[in-house]
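Asker: Have a look at the structure that comes next, please.
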Amino acid sequence: MINITLPDGSKREFPGPVTVAEVAASIGAGLAKAALAGKVDGKVVDTSFQMSADSALSIITAKDADGLEVIRHSTAHLLAYAVKELFPDAQVTIGPVIEHGFFYDFSYKRPFTPEDLVAIEKKMTELASKDEPVVRRVLPRDEAVEYFKSLGEQYKAEIIASIPANEDVSLYREGKFEDLCRGPHVPSTGKLKHFKLMKVAGAYWRGDHKNEMLQRIYGTAWATKDELQQYLTMLEEAEKRDHRKLGRELDLFHIDEHSPGTVFWHPKGWTLWQGVEQYMRKVYQDNGYQEVKGPQIIDKSLWEKTGHWDKYRENMFTTESEKRDYALKPMNCPGHILIYKQGIKSYRDLPLRFGEFGQCHRNEPSGGLHGIMRVRAFTQDDGHIFCTEAQIQEEVKTFTTLLQKVYKDFGFTNIIYKLSTRPEKRIGTEESWDRAENALAEGLRASGCDFEYLPGEGAFYGPKIEYTLKDALGRPWQCGTIQVDPNLPERLDAEFVGEDGSRHRPVMLHRAIVGSLERFIGILIEESAGALPAWLAPVQIAVLNITDAQAEYARNVAKTLQDQGLRVHLDLRNEKITYKIREHSMQKLPYLIVIGDKEMAAGAVAVRARGGQDLGAMPLESFIERITSDIANKTS
């Protein structure tokens, strides 16, 4: 007899081997129909998987996260099936699940067009409606290689040939299409109902630019029609908020082919930049950080000592002068250690906190560049804390509390906390890892944070915390981090004199709150849809006259506001007031001040808040009180 233990602890007994589908059917017809896969002893498997010994089983349906993964995986295969039906000469390569969907790479003699995508999606719907069973079989590796060669699928044959010779491989067939895959998959194509193809992009075979450029078709798939529609609606909203589009419309910045991956900041954009930088500089000053500044170009000998020259050189911009090799710094950490090493440090000096708005350069592939979100030249709110092992927990607690305040000031309150622990390949003793991981965990708990562990995701030298914020559309952005590093101080021979009078190594905590200022400003633009709060808005107020008769009074109003430190645009153009109001409203300014004869006679101003809200006439002093309150409270 075989006992199957279900999630509620109940058991079902079967006289012999039993499949996931058969167990689901024994529970009820509804569950049998809804079953997409099973989780047997923690492993997700097909509903056809047979259990021949006592097992713990969960039936996976579309309501489960694992179920959605199976749907997306199977829809990728459905995409390949449809492409082969419509374009028999196309060769299939790989098709994994990604966040929110899937993609599949194809080799074909011509580029796929938008019209092709429409036809492929229609064919996918047609094939899914046939509700063809998805059947798994296993072949020896060499037999599978020959099988795909016989089909003319050279890429599949190459993939399988890279698998060890003594291993079997699994194939999944639906109708006339069969593909290499570990699985699991839905039991039949009829389970795939809510999907949409999104776009085509280029992708090199095996990610190597020396290889053929393939065509990558992206798609999304969901468990329900409503979820699919919600996602598509979110994408529409995200397109409206695209920081690249708003950057042009609001005249904030541009990216130029003469310097790919770098940002040309316009006056308004640089004002926004300075708002973020000066705010973070005040954060440094108020929380025990000493601001430093390191050089941009450093001799390769330092990068050799840190290990970056061997492991990271391809991502570094290098140069040569007087027969010496240099690199533009890709990070600030080594420079901070060199500053730390100037003069003898005592345990009384620790913790020692350095901060730098350090510009870094990384040679990112051109295909990965994205507006100001992913660039080659960026500036970080970079900080490094030199401390003892015993001080880590308190530093983590203090840093986390500070990060929460900063994010709240920028309008983000939904934060996800993740603690990455020791990887398989690492340095240091188990005891030192235990202490470091525990210090990070306790620091988070002391800050009142719920967090999840990411086992094995830490660096080889130490664990780290990742702080991910969620924006108005629910999109996650990992910005903040704090990471324990005993390795770099060891490599660069950093020391302090301990209470016992002997030399000790400090621990280095790498930490950032907003991370790349370029990327964070891009997030702010998209979060606010360009309607930045008054304290950050490059132009906070536009002063508009109706006729030339009010020009002098408007100048005086603008001057008074500017004397209060406010950022004002004075518009005295000979244009209709409705035109000027519409134009400045499109710039998403927090406030417009309209001045006509009535306001001038009363010594007042007529105020419009963003969104067309008419606040009416008021004394200028009352308006100044209102906007200064907005700025102080970081609202509007």
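The values are calculated or read from the model by the stated rules, or taken from the named source; none is laboratory data. Fair warning: this is a prediction, and the values are worked out from it, not measured in the lab. Methodologically, a virtual Cβ is constructed for each residue, glycine included, from the backbone with ideal geometry; neighbour enumeration extends over all protein chains shown.
Asker: When you scan region 577-585, do you find a residue that is in a helix (DSSP H, G or I), in contact with a Leu (Cβ under 7 Å, 6 or more places away or on another chain), surrounded by fewer than 17 Cβ atoms within 10 Å (Cβ to Cβ) and β-branched (Val, Ile, Thr), even just one?
Answerer: yes
Asker: Of everything in region 187-202, what is part of a strand (DSSP E or B) and under 15 Å from ARG136 (Cβ atoms)? Give them in sequence order.
Answerer: Hit for region 187-202 is SER188, nothing else.
Asker: Now for a different question. Could you check, for region 307-314, whether at least one of its residues is over 30 Å from ASN438 (Cβ atoms), in contact with a Lys or Arg (Cβ under 8 Å, 6 or more places away or on another chain) and modelled with pLDDT under 95?
Answerer: Checked against the condition, which is being over 30 Å from ASN438 (Cβ atoms), in contact with a Lys or Arg (Cβ under 8 Å, 6 or more places away or on another chain) and modelled with pLDDT under 95, region 307-314 yields at least one hit.
Asker: Separate question: Could you identify the single residue in GLU239, GLU277 that is among the acidic types (Asp, Glu), assigned to a helix (DSSP H, G or I), farther than 30 Å from GLY190 by Cβ and modelled with pLDDT of 95 or more?
Answerer: None of the others qualify; the one that does is GLU277.
Asker: Within region 439-454, is even one residue closer than 30 Å to HIS254 by Cα and buried (at least 20 other Cβ atoms within 10 Å of the Cβ)?
Answerer: The answer is no; no qualifying residue exists.
Asker: Restricting attention to region 94-122, which residues are closer than 26 Å to THR47 by Cα and touching an Asp or Glu at 6+ places or on another chain (Cβ under 9 Å)?
Answerer: Pass one, region 94-122, residues closer than 26 Å to THR47 by Cα: 94-104.
Result: ILE94, GLY95, VAL97.
Asker: From the list PHE103, PHE112, which one is in a strand (DSSP E or B), in contact (Cβ under 8 Å) with a residue 12 or more places away in the chain and under 29 Å from the mean Cα position of the chain (by Cα)?
Answerer: PHE103
Asker: Where the second residue is part of a strand (DSSP E or B) and of a type in the set (Asp, Glu) and the first is touching a residue at least 60 places away in the same chain (Cβ under 8 Å) and within 29 Å of VAL45 (Cα to Cα) and lies in region 187-211, which pairs have Cβ atoms under 7 Å and are six or more apart or on separate chains?
Answerer: Hits for this filter: THR189/GLU174.
Asker: On to the next question. Name the single residue, out of those in region 530-552 being over 43 Å from the mean Cα position of the chain (by Cα) and crowded, with 18+ Cβ neighbours inside 10 Å, that is nearest to HIS243 (Cα to Cα).
Answerer: ASN545
Asker: Another one. Report, by residue number, each residue of region 155-203 that is in contact with a strand residue (DSSP E or B) (Cβ under 6 Å, 6 or more places away or on another chain) and among the hydroxyl-bearing types (Ser, Thr, Tyr).
Answerer: Across region 155-203, the qualifying residues are TYR155, SER170, TYR172, SER188, THR189.
Asker: Tally time: how many residues in region 504-537 are assigned to a loop (DSSP other than H, G, I, E, B) and touching a Cys at 6+ places or on another chain (Cβ under 9 Å)?
Answerer: 1
Asker: Which of (1) touching an Asp or Glu at 6+ places or on another chain (Cβ under 6 Å); (2) part of a loop (DSSP other than H, G, I, E, B) does ASN166 not meet, given it meets every other one?
Answerer: Among (1) touching an Asp or Glu at 6+ places or on another chain (Cβ under 6 Å); (2) part of a loop (DSSP other than H, G, I, E, B), ASN166 violates only (1).
Asker: Ok, one more. Out of all the residues in region 203-241, which are buried (at least 16 other Cβ atoms within 10 Å of the Cβ) and not aromatic (Phe, Trp, Tyr)?
Answerer: Residues satisfying the conditions are ALA203, ARG206, LEU214, GLN215, ARG216, ILE217, GLY219, THR220, ALA221, ALA223, LEU228, ARG241.
Asker: Looking only at residues in region 212-249 that are polar (S, T, N, Q) and in contact (Cβ under 8 Å) with a residue 40 or more places away in the chain, which one is nearest to ASP471 (Cα to Cα)?
Answerer: Here the answer is THR220.
Asker: Could you tell me which numbered condition LEU117 fails, if it satisfies all but one of (1) surrounded by fewer than 18 Cβ atoms within 10 Å (Cβ to Cβ); (2) in a helix (DSSP H, G or I); (3) under 30 Å from the mean Cα position of the chain (by Cα)?
Answerer: (1)
Asker: Just to be sure I understand, how many residues within region 62-80 are outside any helix (DSSP H, G or I), of a type in the set (A, V, I, L, M, F, W, C) and within 24 Å of the chain's Cα centre (by Cα)? Walk me through how you get there before you give the answer.
Answerer: Just the residues of region 62-80 that are outside any helix (DSSP H, G or I), to begin with: 62-64.
With of a type in the set (A, V, I, L, M, F, W, C) added as a condition, the list becomes 62.
When the remaining residues are screened for being within 24 Å of the chain's Cα centre (by Cα), the result is none.
Count: 0.
Asker: Ok, one more. Cβ-Cβ distance below 7 Å, separation of 6 or more or different chains: which pairs start in region 127-147 with a residue that is in contact (Cβ under 8 Å) with a residue 60 or more places away in the chain and of a type in the set (Lys, Arg) and end on one that is crowded, with 18+ Cβ neighbours inside 10 Å and part of a helix (DSSP H, G or I)?
Answerer: LYS130/THR189
Asker: Residue under question is PRO506, and the condition is that it be modelled with pLDDT of 95 or more, buried (at least 22 other Cβ atoms within 10 Å of the Cβ) and within 21 Å of PHE354 (Cα to Cα); does it hold?
Answerer: Values: modelled with pLDDT of 95 or more: yes; buried (at least 22 other Cβ atoms within 10 Å of the Cβ): yes; within 21 Å of PHE354 (Cα to Cα): yes.
The answer is yes for PRO506.
Asker: Could you identify the single residue in PRO351, PRO334 that is in contact (Cβ under 8 Å) with a residue 24 or more places away in the chain and touching a Ser or Thr at 6+ places or on another chain (Cβ under 6 Å)? So that I can check it myself, show each step before the final result.
Answerer: Numbers: PRO351 fails: touching a Ser or Thr at 6+ places or on another chain (Cβ under 6 Å).
The unique qualifying residue is PRO334.
Asker: Right, next: Kindly indicate the residue of region 553-573 that is touching a residue at least 24 places away in the same chain (Cβ under 8 Å) and closer than 16 Å to ASP597 by Cα and also farthest from the chain's Cα centre (by Cα) among those meeting that condition.
Answerer: TYR553
Asker: Something else now. Going through region 367-407 one residue at a time, which ones are in contact with a Ser or Thr (Cβ under 9 Å, 6 or more places away or on another chain), among the polar types (S, T, N, Q) and in contact (Cβ under 8 Å) with a residue 60 or more places away in the chain?
Answerer: THR379, GLN380, THR398, THR400 - these are the residues of region 367-407 that are in contact with a Ser or Thr (Cβ under 9 Å, 6 or more places away or on another chain), among the polar types (S, T, N, Q) and in contact (Cβ under 8 Å) with a residue 60 or more places away in the chain.
Asker: Take the residues in region 131-158 that are under 17 Å from ALA90 (Cβ atoms) and surrounded by 18 or more Cβ atoms within 10 Å (Cβ to Cβ), then tell me which one is farthest from the chain's Cα centre (by Cα).
Answerer: Going through the qualifying residues, I end up with PHE148.
Asker: Determine which single condition PRO184 fails, assuming it passes every other condition in (1) part of a loop (DSSP other than H, G, I, E, B); (2) in contact with a helix residue (DSSP H, G or I) (Cβ under 9 Å, 6 or more places away or on another chain); (3) more than 27 Å from LYS225 (Cα to Cα).
Answerer: (3)
Asker: Mind counting the residues in region 17-60 that are within 28 Å of CYS181 (Cα to Cα) and outside any helix (DSSP H, G or I)? Before you say what the answer is, go through the steps one by one.
Answerer: Just the residues of region 17-60 that are within 28 Å of CYS181 (Cα to Cα), to begin with: 17-25, 31-60.
Subsequent filtering for residues that are outside any helix (DSSP H, G or I) retains 17-19, 35-60.
Within region 17-60, residues that are within 28 Å of CYS181 (Cα to Cα) and outside any helix (DSSP H, G or I) number 29.
Asker: Quick check: anything in region 161-179 within 13 Å of ALA80 (Cβ to Cβ), aromatic (Phe, Trp, Tyr) and touching a His at 6+ places or on another chain (Cβ under 8 Å)?
Answerer: Yes, the conditions are met somewhere in region 161-179.
Asker: Further, regarding this structure: Is it the case that LEU488 is closer than 30 Å to HIS361 by Cβ and out of contact with any strand residue (DSSP E or B) (no Cβ under 8 Å at 6 or more places or on another chain)?
Answerer: no
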